[in-house]
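Let me begin by presenting the structure, written as structure tokens, before commenting on it.
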Amino acid sequence: MKIGIIGSGIVGRVLGSAFLSEGYEVMLGTRNTAKEEVVKWKSENKSGKTGSFEETARFGEMLVLASNGLATGEIIKSAGEKNFS
């Protein structure tokens with residue numbers, strides 16, 4: 001199963017690593033794929049993918065919303081509401 005995690009903070013990164021360890025395909029969605037924490041996560045999780053919120057929402061068969069509550073509306077719009085169907 002492909003799991004898209006919308007949010008690259010500590011919660012998203014920990015969940016992403018855990019899903020990968022269970023054999024799932026994982027993409028971590030972020031505003032900035034060059035962010036230090038995201039680059040480090042990718043280097044520690046070679047089979048993990050990173051992408052924009054929209055790429056991640058399209059990728060996932062299951063989506064996990066791991067974002068700051070105040071930013072959730074903006075993030076969903078950025079990811080494309082149609083990608084949550």
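What is the gain in length, in nm to one decimal, between Glu74 and Val39 on full extension, counting 0.36 nm per residue of separation less the C-alpha to C-alpha distance?
Working: separation 35, 0.36 × 35 = 12.60 nm, distance 2.32 nm.
Taking 0.36 nm per residue and subtracting the Cα distance, the gain is 10.3 nm.
The list (1) 11.5; (2) 4.8; (3) 6.9 gives values of mean projected area of the Cα convex hull in nm², and only one came from this structure; which label was calculated from it?
(2)
Which pairs, out of Lys2/Lys40; Lys42/Lys82; Lys42/Lys77; Lys2/Lys46; Lys2/Lys42, put more than 23 Å between their alpha-carbon atoms?
Numbers: Lys2/Lys40 21 Å; Lys42/Lys82 27 Å; Lys42/Lys77 25 Å; Lys2/Lys46 15 Å; Lys2/Lys42 16 Å.
Pairs exceeding 23 Å: Lys42/Lys82; Lys42/Lys77.
Laboratory data are not the source of any read-out in this text; all were calculated from the coordinates shown. Fair warning: this is a prediction, and the values are worked out from it, not measured in the lab.
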